[in-house]
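Q: The following block contains the structure, expressed as structure tokens.
The values are calculated or read from the model by the stated rules, or taken from the named source; none is laboratory data. Since we're looking at a predicted model, the values are computed, not measured. Positions of Cβ are generated from backbone atoms using ideal geometry, with glycine treated the same way; all protein chains shown enter the neighbour counts.
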Amino acid sequence: MATISLSQLTHRYANGHVGLHDIDLAVAEGEFVALVGPSGSGKTTLLRTIAGFLRPSSGTICIGERTVVSDDEGAWIPPEHRRLGMVFQDHAVWPHLTVQDNVAYPLRRARCPRRDITARVDAVISQVGLSDYARRKPGQLSGGQRQRVALARAIVARPQALLLDEALSALDEPLRARLRREIKRLTREENLTTVHVTHDRAEALALADRLVVLDRGGIVQIGTPHELLTQPNSSFVASFLADASVFSGVVSGGRFYPEHPYFRPPATTTWVSDGVHDGSTHHAIATVAPEDVRLRRLDPSVAPPEDHATVVSVLRGQYGVEVSIDWAGTTARVYQRSTDLSEADLVQVDLAAARLFVGISARHGAETGAR
Ligand code: ADP
Ligand code: MG
């Protein structure tokens, strides 16, 4: 297994579109990193650049000891020599080959001795739970099984790192959750350095040692799931990862003046700012995580107070209830373990905690740097 380090990676597409800018990232040996971000944020571009399918406009990529691309030294190692395993969303397995032959393919191409191939292929097929299907062709397998074949083929040659692009996204639950757990176990067992692209925040939070949040081709924040959930560096990360509600306004003379008529930052609000507070006026954005909003149902027979909110939807899930409210035109998400609220109920809103980003653009790092 190997480290992957990216430095000052920038990619401009032929049409002038900036796919990536100023990416600095070091993935440790055996680390599982998830790239997350909205559609078009550069996740696939970044993964394809690491894989070698795209040559970046500038910057350096090292995999292990080797520089695989750099603009100063003109180094370029093509994808087939980077020793990476890859799995994409559409299980790209060969339909005319059996599971065994699909998985053996990378070893045959590398001209490994026949005996070694058989032993290694059997071991990997068993690791992904397909021993009973080794002689079948992909057409006789389910989507999840085909994706396991792709995974086995990606790791059979003991790659330096595993790259996954939406590898689980085409699968249905509960299969998807199961394969998620298996990928986690497998990458741990093999101490595989893994970069996993997903638009699914829950999946990224569940699998990754660290998350890299991308937006508009730049890195907004890097951290462990816990760090990103508890200490987002911007309102973008708070709302993207944790569904936090957002309240804009200004800070002046050490006080927050929201545009929202009823939002009041609770005493427990954490102030986050880039620099010195000089008492002058700054743009500021408050975020409130869904678990920090408390709702109290108002008696429908009494006229509601002006600052009331209205329940828009109540979605019951496996781990709790997600209530959406409309609070003077702002939609807020609220998590509760259980609730007796229903649609159209009027509620009183109480905030237990908030983060206030002062003088920090919504997207923090993503808007700075070369664009
Ligand atoms: P993601 O995988 O996060 O959805 P992509 O990496 O596919 O995002 O795309 C990042 C940005 O680069 C997007 O704005 C996209 O429109 C643009 N882009 C992607 N591929 C190309 C291409 N071949 N030519 C021009 N622009 C592209
Ligand atoms: Mg993509």
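Q: Are there strands (runs of 3 or more DSSP E) fully within the range 5-109 with at least 2 residues that are at pLDDT 95 or above and within 16 Å of ligand 2 (Cβ to nearest atom)? List them. Break it down stepwise before answering.
A: Numbers: elements: 18-27, 32-36, 58-63, 66-69, 84-88.
The strands (runs of 3 or more DSSP E) meeting that bar are 18-27, 32-36.
Q: Being at pLDDT 90 or above, among the hydrophobic types (A, V, I, L, M, F, W, C), more than 16 Å from ligand 1 (Cβ to nearest atom) and part of a helix (DSSP H, G or I) is the requirement here; does residue 152 meet it? Full working, then the answer.
A: Values: at pLDDT 90 or above: yes; among the hydrophobic types (A, V, I, L, M, F, W, C): yes; more than 16 Å from ligand 1 (Cβ to nearest atom): yes; part of a helix (DSSP H, G or I): yes.
When the stated conditions are applied, residue 152 passes them.
Q: Further, regarding this structure: Does the range 325-348 contain any residue that is without any contact (Cβ under 8 Å) to a residue 24 or more places away in the chain and in a strand (DSSP E or B)?
A: Scanning the range 325-348, I find at least one residue that is without any contact (Cβ under 8 Å) to a residue 24 or more places away in the chain and in a strand (DSSP E or B), so the answer is yes.
Q: Taking the condition of being more than 23 Å from residue 243 (Cα to Cα) and surrounded by 20 or more Cβ atoms within 10 Å (Cβ to Cβ), how many residues in the range 187-226 meet it? Steps first, please.
A: Going through the range 187-226, the residues more than 23 Å from residue 243 (Cα to Cα) turn out to be 187-195.
From what is left, the residues that are surrounded by 20 or more Cβ atoms within 10 Å (Cβ to Cβ) are 187, 192-195.
The qualifying residues number 5.
Q: When you go through 34, 14, 51 one by one, which is the residue that is within 13 Å of ligand 1 (Cβ to nearest atom), touching a residue at least 40 places away in the same chain (Cβ under 8 Å) and over 25 Å from residue 240 (Cα atoms)?
A: On the way: 34 fails: over 25 Å from residue 240 (Cα atoms); 14 fails: touching a residue at least 40 places away in the same chain (Cβ under 8 Å).
Residue meeting the stated conditions: 51.
Q: Further question on the same structure: Looking at (1) under 23 Å from residue 153 (Cα atoms); (2) touching a Gly at 6+ places or on another chain (Cβ under 7 Å), can you tell me which one residue 13 breaks?
A: Evaluating residue 13 over (1) under 23 Å from residue 153 (Cα atoms); (2) touching a Gly at 6+ places or on another chain (Cβ under 7 Å) leaves (1) as the failure.
Q: Can you name the condition, by its number, that residue 170 falls short on among (1) in contact with a His (Cβ under 8 Å, 6 or more places away or on another chain); (2) more than 16 Å from ligand 1 (Cβ to nearest atom); (3) more than 24 Å from residue 2 (Cβ to Cβ)?
A: Looking at each condition in turn, residue 170 falls short on (2).
Q: Go through 309, 286 for me and flag whichever is under 25 Å from the mean Cα position of the chain (by Cα) and at negative phi. Let's see the steps before the verdict.
A: Working: 309 fails: under 25 Å from the mean Cα position of the chain (by Cα).
Just one listed residue meets the conditions, 286.
Q: Taking the range 165-191 on its own, how many of its residues are over 22 Å from residue 226 (Cβ atoms) and either within 16 Å of ligand 2 (Cβ to nearest atom) or touching a strand residue (DSSP E or B) at 6+ places or on another chain (Cβ under 7 Å) (or both)?
A: So the count comes out to 6.
Q: Among (1) of a type in the set (Phe, Trp, Tyr); (2) under 25 Å from residue 221 (Cα atoms); (3) surrounded by fewer than 20 Cβ atoms within 10 Å (Cβ to Cβ), which single condition is residue 319 missing?
A: Unmet for residue 319, out of (1) of a type in the set (Phe, Trp, Tyr); (2) under 25 Å from residue 221 (Cα atoms); (3) surrounded by fewer than 20 Cβ atoms within 10 Å (Cβ to Cβ): (2).
Q: Could I ask something else about it? Quick one: would you say residue 328 is closer than 21 Å to residue 258 by Cα and of a type in the set (Gly, Ala, Ser)? Reasoning before the result, please.
A: Working: closer than 21 Å to residue 258 by Cα: yes; of a type in the set (Gly, Ala, Ser): yes.
Spelling it out, residue 328 is indeed closer than 21 Å to residue 258 by Cα and of a type in the set (Gly, Ala, Ser).
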